[in-house]
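Step one of this worksheet: look at the structure below.
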Amino acid sequence: MPRRMPPLAALVTAGAFALPLAAHADNSCTTVGVDFVPSTDQLQMVAWLEDTSGNYVTTIYITQKVGHYGLGNRPGRFDFNSGPSGHDLWPYGRRITVFPIWAHRHGMTFPQVNFQDGADSDLSHSFAQSSIEADPPYCRPMLDSEPQWDTGTCASVFAYTDKGELSSTDTSLYPPRADLQPGGGMDSPSVSMYAALDPFDAVSQATPPAGSTAAITWTKPSSIPTGDYVLWVEVARAFDFNGVYPQAASGPQVAYGNYGEPYLGQPSIVYRIPVTLGPSETTASATDYFGYGDPTGADGVVRPPDDTITSDTPGSGASRLQLLPSGNGRISVDIIPQTDNTAPAMPASMQSVIVTSQSATVSFIAPGDDGMIGQVAGYDVRVQVGTPITESNFANAMPIAAAVTPAPSGQVQTVEIDGLLPETDYYIGVQAYDDCHNTSPLAVIEVKTADRQAGEVDACFIATAAYGSVMANDVGMLRHMRDSLLKSSVLGELAIETYYTFGPAVAGVVGESELLRETARDALRPIVRWARGAAY
């Protein structure tokens, strides 16, 4: 079948997590290819579909800083300075100005992430509430005199940051970070829920570099009917200043104005491209931007183009995207209907690479789009405790939101699964799928996690042992009940103290027996139902 570029790893629909969809009955599908060339590094971009009446349909692409690392929903006021060197690497300051048009149109809200001590205007936070950025996408706030400033990097040993906590009252139009596991006893337990709240992580991609043609490839799911739509592309850049939006203090930081640099410059710009998803191949393009967003992120109104936006400086304002080498404007769209009767081959030679007490990394040989030819669209990875995964029960196993960027057939792919229990048997299943949602045969491997390390405990012992993983949704719900409800009363505090005294020992026994696990799950079910009602 024809292919343009490697597709996005998975699909999302409004308000729901995306899993590979069933193939069309006739093995037909429609792919949407979007080409563009960034004029500068560090652009943030999002692309989404609306119907012709202006109703949001789905997001097909979002840059990783927003879709995975939570740029729009982080603790701290939105007008904090940032840095270094234009990279917006601080972990603080919710950037509600990044995609205001998209944010006000997708129709979803999320709990806002606030600092754990509630001091939203403060950049200084206790080590008791801060954990290391293990693979730092962000640095702690720095002075421009510090040695890392000019390099745009930071040493992880210095990257202790407060990851915040979910507010029970404040909301955001952006998802929180999806890259975190609670660490070191310093993070709020609600951090474990961040990833589950992010419906856009599946279509988030690394920010494309300047000067090279970048491509988005998205496959229309069968749930979206054929017809006329509008593709919107919003493009933002921090530190993009001009005479109307000069480099001035981003906000009234009395104590911290000497840290970092102002980032609030020209607002996001947006392109509007009518497209037809139908039985025939069609093309569309856009050269001129359609309008720009609110400079403060307060609304989703599209302002018409005007002289406040720079138009003659590459990398700035209306010229954040270059003209394509093909001459098809700044954004080119290809709609390609196709038929695919060949499913991907099974992921081969699956084996464990690294197994610790709390994680497992497995590898396999990538199959192709058609058997062993080409490149698959993505992988569905699932895990199950104790019971082997089969074709018949695969859909009921726990899905893993693991980032596996598809590689050409024959190359080695790896996937890491975190949040496991020590000394526990797990079955990991991997299924590849192609653009038309044909699925490969199932590959399965059994792994046993290593012994528990000295001093290693889990924050929800019995529930985690019962469900076999800290990733289970019900474990997160029980943690939410523990932290939001029980801690608010004297009796609740006493119950928690008792739980932490006896919990680890009981969990050790429960975790070793599938019968006891099932019994514990039965006992926890009414509590989970009550917790869901209390939380929502």
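From the list ILE309, ILE331, which one is touching a helix residue (DSSP H, G or I) at 6+ places or on another chain (Cβ under 8 Å), β-branched (Val, Ile, Thr) and either touching a residue at least 12 places away in the same chain (Cβ under 8 Å) or not assigned by TED's automatic domain parsing to the domain that holds GLY93 (or both)? Walk me through it before giving the result.
On the way: ILE331 fails: touching a helix residue (DSSP H, G or I) at 6+ places or on another chain (Cβ under 8 Å).
Exactly one of ILE309, ILE331 is touching a helix residue (DSSP H, G or I) at 6+ places or on another chain (Cβ under 8 Å), β-branched (Val, Ile, Thr) and either touching a residue at least 12 places away in the same chain (Cβ under 8 Å) or not assigned by TED's automatic domain parsing to the domain that holds GLY93 (or both), namely ILE309.
Does ASP294 qualify as being in contact (Cβ under 8 Å) with a residue 24 or more places away in the chain and buried (at least 18 other Cβ atoms within 10 Å of the Cβ)?
Against the criterion (in contact (Cβ under 8 Å) with a residue 24 or more places away in the chain and buried (at least 18 other Cβ atoms within 10 Å of the Cβ)), ASP294 qualifies.
Restricting to the range 420-439, name every residue that is over 21 Å from the mean Cα position of the chain (by Cα), in a strand (DSSP E or B) and within 23 Å of GLY33 (Cβ to Cβ).
THR439 - this is the single residue of the range 420-439 that is over 21 Å from the mean Cα position of the chain (by Cα), in a strand (DSSP E or B) and within 23 Å of GLY33 (Cβ to Cβ).
Yes/no per residue for (1) over 14 Å from GLY300 (Cα atoms); (2) at pLDDT 90 or above:
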site: ARG105; (1), (2): no, yes
site: PHE110; (1), (2): yes, yes
site: ASP117; (1), (2): yes, yes
site: SER121; (1), (2): yes, no
site: PRO141; (1), (2): yes, no
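Out of the residues in the range 37-68 that are of a type in the set (Val, Ile, Thr) and assigned to a strand (DSSP E or B), state the one that is surrounded by the fewest Cβ atoms within 10 Å (Cβ to Cβ). Talk me through it step by step, then tell me what you get.
Here is the first cut: in the range 37-68, the ones of a type in the set (Val, Ile, Thr) are 37, 40, 46, 52, 57-60, 62-63, 66.
Next, only the ones that are assigned to a strand (DSSP E or B) stay: 46, 57-60, 62-63.
Numbers: VAL46: 27, VAL57: 17, THR58: 23, THR59: 27, ILE60: 22, ILE62: 26, THR63: 24.
My answer is VAL57.
Is it fair to say ALA395 is surrounded by fewer than 17 Cβ atoms within 10 Å (Cβ to Cβ), aliphatic (A, V, I, L, M), in contact with a Phe, Trp or Tyr (Cβ under 9 Å, 6 or more places away or on another chain) and modelled with pLDDT under 90?
Criteria not met by ALA395.
Looking only at residues in the range 423-449 that are at pLDDT 80 or above and out of contact with any strand residue (DSSP E or B) (no Cβ under 6 Å at 6 or more places or on another chain), which one is farthest from PRO347 (Cα to Cα)?
Ranking the qualifying residues of the range 423-449, first place goes to GLU423.
In the range 242-287, which residues are at pLDDT 95 or above and either surrounded by 22 or more Cβ atoms within 10 Å (Cβ to Cβ) or within 17 Å of ASP88 (Cα to Cα) (or both)?
GLN266, PRO267, SER268, ILE269, VAL270, TYR271
Please tell me if VAL34 is modelled with pLDDT of 85 or more, buried (at least 23 other Cβ atoms within 10 Å of the Cβ) and of a type in the set (Val, Ile, Thr).
Answer is yes for this residue.
Counting just the residues of the range 112-121 that are free of Cβ contacts under 8 Å to residues at least 60 places away in the same chain and assigned to a loop (DSSP other than H, G, I, E, B), which one comes out nearest to ASN81 (Cα to Cα)?
Our first condition is that a residue be free of Cβ contacts under 8 Å to residues at least 60 places away in the same chain; within the range 112-121, this holds for 114-115, 117-120.
If we keep only those that are assigned to a loop (DSSP other than H, G, I, E, B) as well, we get 115, 117-120.
Details: PHE115: 17, ASP117: 20, GLY118: 19, ALA119: 16, ASP120: 14 Å.
The selected residue is ASP120.
The values are calculated or read from the model by the stated rules, or taken from the named source; none is laboratory data. Because the structure is a prediction, the values reported are computed rather than measured. With ideal geometry, Cβ positions are generated from the backbone for all residues, glycine too; neighbour counts draw on all protein chains shown.
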